[in-house]
Amino acid sequence: MDTDDFSEMAYNIIVMAARLSDTLKTELGALSRNHNNENDWLRAVQEHCREIITDPDAYVDFWNLVEEEGITAPRISEIAGLLSAQVDIVLAVPLINRGPEFSGI
């Protein structure tokens with residue numbers, strides 16, 4: 001699925017990620033190509049965020065985030081938690097209702 005096909009609410013997750021970490025934004029955008037629909041992508045984002053929260057040091061080390069973006073393990077864990085919470089909100093809204101007027105970001 002292309003990110004251009006996302007609803008406004010789902011696309012705003014990428015926008016939110018971009019404000020917080022360019023690396024994470026890129027990863028989430030690339031993740032979309034592996035999924036056929038928005039809800040599957042959202043669940044994959046949720047899983048990825050949980051993996052980051054489980055081992056933020058490994059994520060920071062792998063991407064060299066301290067040097068590249070000034071992001072520490074506690075901060076990436078916080079970012080992943082914020083994105084995960086936003087995914088919960090989006091998944092609770094029926095796809096038909098995820099237009100621009102429902103975007104909370």
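The modelled label-to-label distance for the pair I96/E8, using points 7 Å beyond Cα in the direction of Cβ, is 1.8 nm. Convex hull volume per residue, computed on the Cα atoms of region 3-102, equals 86 Å³. Residues H35, H48, arranged from fewest to most other Cβ atoms within 10 angstrom of their Cβ, appear as H35, H48. Remark: relative contact order (region 12-105) = 32 percent; criterion is Cα-Cα distance under 8 angstrom and separation of 6 or more residues.
Since every read-out is calculated from the coordinates, none of them should be taken as a lab result. If you're wondering where the values come from, they're calculated on a predicted model, not measured in any experiment. All Cβ positions, even for glycine, are placed from backbone atoms using ideal geometry, and neighbour counts span all protein chains on display.
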